[in-house]
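So the structure is just underneath, and the comments pick up after that.
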Amino acid sequence: MKIFSKKVLAAVALPVLMTACAANDAKQEEPMKAVTAQDLQHHNWNLVQIDGNPIQIEEQSEAPRLEIGEKMTANGNAGCNNFFGQGELKDGQFRIEKMGMTMKMCPGAAMDIERTVSQTLSDWSEITVTQNGLELKGQAHTLTFELKDWVN
């Protein structure tokens, strides 16, 4: 009887142990990594989506972009006007502190995009960086950027 119960126990325990090991291996393959300044510096991203919707660029408008340079200096275009400031990272969030901006008026959709981009970049937003992009999830909007590095 003891031999039979040990075999049954082994037969039941083995699949449970195998499942636990497989789940642990899956977690190790894709660790959650905090975004660092090195992940952002010396990169250029073009805005491709706002809140999951592709952006529409009018002919006379410039595509919104974000560039992070040495020591986290930030600049780019918000859809109409150029901006600049100091990028900051804190607890998985990003913002551009004391963002300055040119002040020209642009037609319709460009100004709507501009308001969304400048608000999201100025406020603390959750940041995610992938091999090909960057996502900023703010209180009101989510901006999705595609990596478009420049040649130095």
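Regarding region 40-47, can at least one residue be identified that is modelled with pLDDT of 95 or more, within 22 Å of Q139 (Cβ to Cβ) and not in a helix (DSSP H, G or I)? Checking region 40-47: at least one residue is modelled with pLDDT of 95 or more, within 22 Å of Q139 (Cβ to Cβ) and not in a helix (DSSP H, G or I).
So how many residues does region 63-84 have that are hydrophobic (A, V, I, L, M, F, W, C) and closer than 19 Å to P107 by Cα? Spell out the reasoning first.
Taking region 63-84 and keeping what is hydrophobic (A, V, I, L, M, F, W, C), we get 63, 66, 68, 72, 74, 78, 80, 83-84.
Checking which are closer than 19 Å to P107 by Cα leaves us with 63, 78, 80, 83.
Result for region 63-84: 4.
Restricting to region 36-53, name every residue that is out of contact with any Phe, Trp or Tyr (no Cβ under 6 Å at 6 or more places or on another chain), within 25 Å of D91 (Cβ to Cβ) and hydrophobic (A, V, I, L, M, F, W, C). Matches in region 36-53: A37, L40, I50. So is M99 on the phi < 0 side of the Ramachandran plot, more than 18 Å from the chain's Cα centre (by Cα) and either in a strand (DSSP E or B) or not assigned by TED's automatic domain parsing to the domain that holds H42 (or both) or not? Yes: the conditions hold for M99.
With respect to (1) surrounded by fewer than 10 Cβ atoms within 10 Å (Cβ to Cβ); (2) more than 23 Å from C106 (Cα to Cα); (3) at pLDDT 60 or above, the lone exception for Q60 is condition (2). In the set (1) surrounded by 14 or more Cβ atoms within 10 Å (Cβ to Cβ); (2) of a type in the set (G, A, S); (3) on the phi < 0 side of the Ramachandran plot, G76 fails one condition alone, (3).
Here is the figure for region 65-79: residues that are closer than 14 Å to V48 by Cα and polar (S, T, N, Q) total 1.
Scanning region 85-110 for residues that are over 13 Å from L47 (Cβ atoms) and crowded, with 16+ Cβ neighbours inside 10 Å yields G85, G87, L89, Q93, F94, R95, I96, M99, M101, C106.
The values are calculated or read from the model by the stated rules, or taken from the named source; none is laboratory data. Remember, predicted model here, so these are calculated numbers, not experimental data. Because the Cβ atoms are built from the backbone with ideal geometry, glycine has one as well, and the counts that use them run over all protein chains shown.
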